[in-house]
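Q: Can you keep this structure in mind? I'll have questions shortly.
Computed from the coordinates by the stated procedures, all read-outs in this text should not be read as laboratory data. Because the structure is a prediction, the values reported are computed rather than measured. Note that we place each Cβ from the backbone using ideal geometry, even for glycine, and neighbour counts take in every protein chain shown.
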Amino acid sequence: MDRLEAVVQPYDWGSRYILAELQGRPTPSPGPEAELWIGAHPGAPAILEREEGLTTLQRVIAGDPEGELGRGCQERFGGRLPFLLKVLAVEKALSIQVHPDREQAQEGYTREEAAGLPLRDPHRNYKDDWPKPEVVLALTEFEALAGFREPEEAARLLETLGVQGLDAVVDTLRSGSERAPLDALSQLLHWPAEHRPQLLADVEWRCGELADDPGVAAEDRATFRAAVRVARQHPGDVGLVAALLLRHVTLRPGEGLFMGAGGLHCYLQGTGVELLANSDNVVRAGLTGKHIDVDELLRLVDPTVQVPRLHLVEVAPGVAHLETPAPEFDLLRCTVEGRCPLPEDNGPRLLLCLDGQVVVSDAAGQELELGRGDSCYASAADTGLVLTGRGDVVVATSGR
Ligand SMILES: [Zn+2]
């Protein structure tokens, strides 16, 4: 087992308190801190100490894939740690985005490599050839826009706004075509630049009015309130109107959300643990200063993707998980009170202590102490893991 030093990603939508507080650093942090990465992604691998000195988890795994990952995991995922564990500290809405499936990622990556786009080029959509399914476990109330509303439901919401320019979009939504949600999204994202300021001003104004209107259903008011916040966070961005096509969800702490390939989404605010396939492939449509590729996004988005709210299910005493269809990972949450053995696993694992103080021990007698914000890595060879003490720990595994 190895203690890890996780990497903070300073994206501008992050908080200056959440991650610093979790890791026991002074607050506010000098700048926004959005994500804590615990994993072996080449973009920001965790750091650990071996006899030879400081190294990264990526290098350690590359040095002995079968020993580190176990044969089963290595055969399934080709020598790559299949998952990446993160903590998200969302203060401002993230971009509206979609992730590719495995085939789309391979095709997109090959295409951009062939075009000679350097990996760090901001116009790059595909940073690797992996899919990026993701599951979020809310630690606070966690607000998101996730998956399309039914076309009639979206039409009704836009109609409620009573903004004249949107009539054409409402008609599209009611066209009865299978592509109606995509066509409506395309219409909004291709809105003529010269007419955008008026559209955005009208929509923001009406959202503000309706957010406080007791005659409006509570669910719609929550959507409009979110829209007003988004408008202030991302002025001039037509993504605001596109966001209204998506379902508004507020997770309670302990609830989860799974996002599969093709699901359009935008995380709005809150703190959560995220477990995802080990990829950084994001195609964006708006609400961001990063590269936007509307055509590529429209190619990837699948309006039929459902985004169910997930609940933790106990799999062993003190250990619960979020059931998802992703083959790359499984997220466990352990409530440790005394002694808590982890389910047997013959693959790699990442552990993060969210609260309290626990000791992780294995069958060989190794012991590692984890306090709040500490993380560690256990290879396939580290068997018989047991947590003792009192604390709240999340564990990422390669699942089945
Ligand atoms: Zn995402």
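Q: Using just the alpha carbons, could you tell me how many Å³ per residue the convex hull of the chain encloses? Can you show the working numbers first?
A: On the way: hull volume 59.6 nm³, N = 400.
In the chain, the Cα hull volume divided by residue count equals 149 Å³.
Q: What residue among ASP183, ASP12, ASP212 has the largest mean-square fluctuation in a Gaussian network model of the chain, using Cα springs under 10 Å?
A: ASP212
Q: Another one. So which residue, out of HIS123, HIS311, HIS195, gets the largest mean-square fluctuation from a GNM of the chain using Cα contacts under 10 Å as springs?
A: The residue that fluctuates most here is HIS195.
Q: While we're looking at this one, here's another question. Contact order normalised by length for segment 315-397, with contacts defined as Cα pairs under 8 Å and 6 or more residues apart; what percent is it? Each step should come with its number before you reach the end.
A: Numbers: 203 pairs, mean separation 33.0, N = 83.
The normalised contact order for segment 315-397 reaches 40 percent.
Q: I'd like to know which of ALA184, LEU158, GLY239 lies farthest towards the positive end of the charge dipole of segment 150-244, counting +1 on Cβ of Lys and Arg and -1 on Cβ of Asp and Glu.
A: It is GLY239.
Q: Taking the number of other C-beta atoms within 10 Å as the exposure measure, put ASP121, ASP302 in order starting with the fewest.
A: Listed from fewest to most nearby Cβ atoms, that is ASP121, ASP302.
Q: What is the angle, in °, between the Cα long axis of helix 180-189 and the longest principal axis of the Cα atoms in the chain? Nearest 10 is fine, range 0 to 90.
A: Helix 180-189 sits at roughly 80 degrees to that axis.
Q: If one takes the longest principal axis of the Cα atoms in the chain, at what angle in degrees, from 0 to 90 and to the nearest 10, does the Cα axis of helix 218-233 lie?
A: Approximately 80 degrees, to the nearest 10.
Q: For the chain, modelled as a GNM with alpha-carbon contacts under 10 angstrom, which of GLY384, GLY254, GLY365 fluctuates the most?
A: GLY365
Q: Report the full-extension gain for the segment ARG156 to GLN366: residue separation times 0.36 nm, less the Cα-Cα distance, to one decimal in nm.
A: This chain segment gains 69.6 nm when fully extended.
Q: Now for a separate question. Let me make sure I get this right: for segment 315-397, a, b and c are the square roots of the gyration tensor eigenvalues over alpha carbons, sorted descending. Under 1.5 in a/c it's rounded, otherwise prolate if a/b > b/c, else oblate. Which is it? Show your work: numbers first, answer last.
A: Details: a/c = 1.55, a/b = 1.20, b/c = 1.29.
Oblate, since a/c reaches 1.5 and b/c is not below a/b.
Q: Shifting gears a bit: Can you tell me the 0 to 90 degree angle between the C-alpha axis of helix 151-161 and the longest principal axis of the chain, rounded to 10?
A: Helix 151-161 and the main axis of the chain meet at about 60 degrees.
Q: So, with +1 on the Cβ of K and R and -1 on the Cβ of D and E, and no other charges, what is the size of the charge dipole of the chain about its Cα centre, to the nearest 20 debye? Don't jump to the answer; show the numbers that get you there.
A: On the way: 38 positive and 63 negative charges, 81 e Å.
With Lys and Arg at +1 and Asp and Glu at -1, about 400 debye.
Q: Just check segment 191-238 against the gyration tensor rule for me: Cα atoms, a ≥ b ≥ c as the square roots of the eigenvalues, rounded for a/c under 1.5, and otherwise prolate or oblate depending on whether a/b exceeds b/c.
A: Prolate shape, in that a/c is at least 1.5 and a/b is the bigger ratio.
Q: Rg/Rh for segment 146-302 to two decimals, with Rh computed the Kirkwood way over all alpha-carbon pairs.
A: 0.94
Q: Can you work out the FRET efficiency for the pair ASP293 and ARG339, with r the C-beta to C-beta distance and R0 = 56 Å, to the nearest 0.05?
A: 0.65
Q: Provide the gained length on full extension for the span ARG3 to THR383, in nm with one decimal, where the gain is 0.36 nm per separating residue minus the Cα-Cα distance.
A: Between ARG3 and THR383, full extension yields an extra 135.2 nm.
Q: Given +1 on the Cβ of Lys and Arg, -1 on the Cβ of Asp and Glu, and no further charges, what dipole in debye does segment 269-337 carry about its Cα centre, rounded to the nearest 20?
A: 220
Q: Show me 231-237, 393-399 ranked by packing, highest mean number of other Cβ atoms within 10 Å first.
A: Going from most to least packed, we get 393-399, 231-237.
Q: Further question on the same structure: Run the simple label-point estimate for ARG59 and ARG179 please: 7 Å along Cα→C-beta, distance reported in nm.
A: Spacing of the two 7 Å Cα→Cβ label points: 5.1 nm.
Q: Along the positive direction of the dipole of segment 315-397 (beta-carbon charges: Lys, Arg +1; Asp, Glu -1; about the Cα centre), which of LEU385, ALA396, PRO317 reaches farthest?
A: Going by the Cα projections, it comes out as PRO317.
Q: Okay, moving on. Calculate the dipole size of segment 150-244 relative to its Cα centre from +1 charges on Lys and Arg beta carbons and -1 charges on Asp and Glu beta carbons; express the result in debye to the nearest 20.
A: Using only the charged Cβ atoms, the result is roughly 300 debye.
Q: While we're on this one: Sorting GLU33, GLU107 on the 10 Å Cβ count, fewest up front, what's the list?
A: Least crowded to most crowded, the residues run GLU107, GLU33.
Q: With the cut-off at 1.5 for a/c, could you classify segment 18-135 from its C-alpha gyration tensor as rounded, prolate or oblate?
A: oblate
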